[in-house]
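No lab work stands behind these numbers, since they all come straight from the coordinates. In this text, all values refer to a predicted model and were calculated from it rather than measured experimentally. Here the Cβ is made from the backbone with ideal geometry for all residues, glycine too, and neighbour counts use every protein chain on show.
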Amino acid sequence: MIKDQYIGRKILLVEDNKLNQLIAKKFLQNQGFEISVTENGSEAVSFLTTSHEVDLVLMDIHMPEMDGYQATKMVREMKGQYFADLPIIAFTSDSSEEIRELALKVGMNDLVMKPFQPAELLEAIGKNLRKKGEPGSQDEFPQLKIYSEGDRDYEAELKVLFANNLGLLKDATATFVREGNLVRYKEIQHQCKTTVVILDDKKLIALLQEIIGEADSGGNQSAYVSDLASQINRCCDELIHRLRKK
């Protein structure tokens, strides 16, 4: 049965296997989605460059010409908030932890296994697909609404404080990459923990855990840590932008 909330929502399916294309496309169309298909990462990047109507990308990882990692990294490096915010879900038959880590590292938002389970795929899409016009909507930060209990002045005050804390977290991350003071960085992360938990941005939470784990293992000056820091910076910028919207 077609779900009304998905009618007109556009998904780009990036998949080189014809059978997987057919099964995923038909299933998603039956849910109400409009589906476009490209067969490799290069085609996907070109498609997204010319069409900003896509609401979510299902990105296969292993493809000819350009794989899903390379394509996602290129999308995230494009100028404009659309490319920073666009949900990209890894679509893969490999469930190893290494695959998950690499997907996160390049800027993917989630991962779904192939062959997909319908409920799992829809759960991942629903979790990552913003409602139309959601940025700036009253339910954008549901836990914040719970804490403020309908008091708009208090909610506005919290948003200012949260945005300030995210700015502090950005600065601390940059300082950590530059100076390597892990003890101080952990203190700042702890100081900002309430903000991060209440805003409930799963990607930012995972990145903060990942950068500490990598540093604890002795890689605090590695290129991977620098890349994680860049992703943390983008997440914080996005959240600050959303918090400051009227």
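Using the Cβ-Cβ distance between D200 and E65 with R0 set to 25 Å, the FRET efficiency works out to roughly 0.10. Based on the alpha-carbon gyration tensor of the range 4-128 and its eigenvalue square roots a ≥ b ≥ c, which shape applies: rounded if a/c is under 1.5, prolate if not and a/b is larger than b/c, or oblate? Cα axes put the range 4-128 in the rounded bin.
A straight line joining the Cα centroids of the range 1-62 and the range 178-246 runs 31 Å. The angle between the Cα long axis of helix 182-191 and the main principal axis of the chain comes to about 80°, on a 0 to 90 degree scale. Shape of the chain from its Cα gyration tensor (a ≥ b ≥ c, root eigenvalues): rounded if a/c is under 1.5, otherwise prolate when a/b > b/c, or oblate? Oblate shape, in that a/c is at least 1.5 and b/c is the bigger or equal ratio.
Extension gain, T49 to E155: 0.36 nm times the residue separation minus the Cα-Cα distance gives 34.5 nm. Annotation: amide H of D55 within the under-5 Å range of K10, I11, L12, sequence separation 5 or more or interchain, hydrogens built in the peptide plane. For the chain, the relative contact order comes to 14 percent (Cα pairs under 8 Å, sequence separation of at least 6). What residue among Y224, Y147, Y69 has the largest mean-square fluctuation in a Gaussian network model of the chain, using Cα springs under 10 Å? In the Gaussian network model the winner is Y147.
Tilt of helix 41-50 relative to the longest C-alpha principal axis of the chain, in degrees (0 to 90, nearest 10)? Tilt relative to the chain: about 80 degrees. Farthest toward the positive end of the dipole of the range 1-117, out of N20, F33, Y82, is the Cα of F33, where the dipole comes from beta carbon charges about the Cα centre.
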